[in-house]
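> The structure is given below, and queries will be raised subsequently.
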Amino acid sequence: MKKNKAHAISNGILIIILLAVAFSMTVPFIWMITSSFKNNNEIFLYPIRWIPDPVRTANYVDVWTKIPFFKYFRNTFAYSVTVTVGQIITCSMAAYAFAKLRFPGKNAIFMVYLATMMVPWHAVMIPQFMINKRLGFYNTPWSIIIMNLVSVFGIFLMRQAMAGIPDDLCEAARIDGCKEFGIFSRVVFPLCKPSLATLVVFQFTFMWNDYLAPMIYLDNDNYKTIQLGLASFRSQYNTDYGLIMAGTVCSLIPILLVYIVAQKYLIEGVAFSGLKG
């Protein structure tokens, strides 16, 4: 009885702590949503007025009309989907080679790939810019797409998942006359749904929220992303925070949809990718 009582108390304390953490993480989102219905003066009132008075729905109209928000939204969606699909292809094929094929120097090459994860992007930002400009990709969508088509993190994630798939399945497919690409596409790839979902969520979110790379590579307004569009509400003397909050709420919708669709496999992918192999 004492053990059960102590266990119940510890569980209760843990639940209270988790609820407090969840509440602290939810409050900023609630403030963002309520602020999207306020004007600038009301946003910075203290104490915080959680319920807008009056409710300013014009922010959601202005955010789509004052700037070409739909164009920025479309561009960001196109970049995110293209890069995510490209990484699914490139990362999964490279991961299959590292996990299931035998070739000289495989482990050394993989370790070099992992070592590049320790180099911050800011350290290679200038060389990448110079390469993009030399290739003629500067100020074009290709400057954003091509340099993100391969991800070391994606290769590592998929490789760990594929390493956990029994080699006997691949050998059985070879005995049946299946070629390597057939083994990859018909046997190994379909068994990596959790890791694929994890890669999709992480990469789509990263591309959707990326601000620095589009700011560096894109000057043409026709190619700009939603993050650059939100920054256009800031000027030298004034910032329209109500419109920024409304635009941010709109920009969160695709990420929420992607997470809702993939969340069935997301936690499993994160949990098992680091344990297999």
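The values are calculated or read from the model by the stated rules, or taken from the named source; none is laboratory data. All values reported here derive from a predicted model rather than from experimental measurement. Reconstructed Cβ throughout: ideal geometry from the backbone, glycine too, with neighbour counts over all protein chains shown. All accessible areas refer to the heavy atoms of the entire protein, side chains included, with ligands and DNA or RNA removed. Shrake-Rupley method; radii C 1.70, N 1.55, O 1.52, S 1.80 Å.
> What's the number of the condition LYS38 fails, among (1) assigned to a loop (DSSP other than H, G, I, E, B); (2) under 30 Å from ASN139 (Cβ atoms)?
Every condition holds for LYS38 apart from (2).
> For region 126-180, which residues satisfy the criterion of being farther than 16 Å from LEU218 by Cβ and in contact with a Ser or Thr (Cβ under 7 Å, 6 or more places away or on another chain)?
LEU149, VAL150, VAL152, LEU157, MET158, GLN160, ALA161, listed by residue number.
For every residue, the table says whether it meets (1) surrounded by 15 or more Cβ atoms within 10 Å (Cβ to Cβ); (2) within 19 Å of the chain's Cα centre (by Cα).
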residue	(1), (2)
PRO120	no, yes
PHE137	yes, no
ILE144	yes, yes
MET147	yes, yes
ASP167	no, no
ASP176	no, no
LYS179	no, no
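> For region 200-229, name all the residues that are of a type in the set (A, V, I, L, M, F, W, C) and part of a loop (DSSP other than H, G, I, E, B). Lay out the reasoning, then the answer.
Within region 200-229, the first condition is being of a type in the set (A, V, I, L, M, F, W, C), and the residues that meet it are 200-202, 204, 206-208, 212-213, 215-216, 218, 226, 228.
Residue satisfying the conditions is LEU218 alone.
> Looking for whichever is more than 26 Å from TYR223 (Cα to Cα), open to solvent by 70 Å² or more (accessible area, probe 1.4 Å) and among the β-branched types (Val, Ile, Thr) here; the options are VAL112, VAL188. Which one fits?
When all the criteria are applied, what remains is VAL112.
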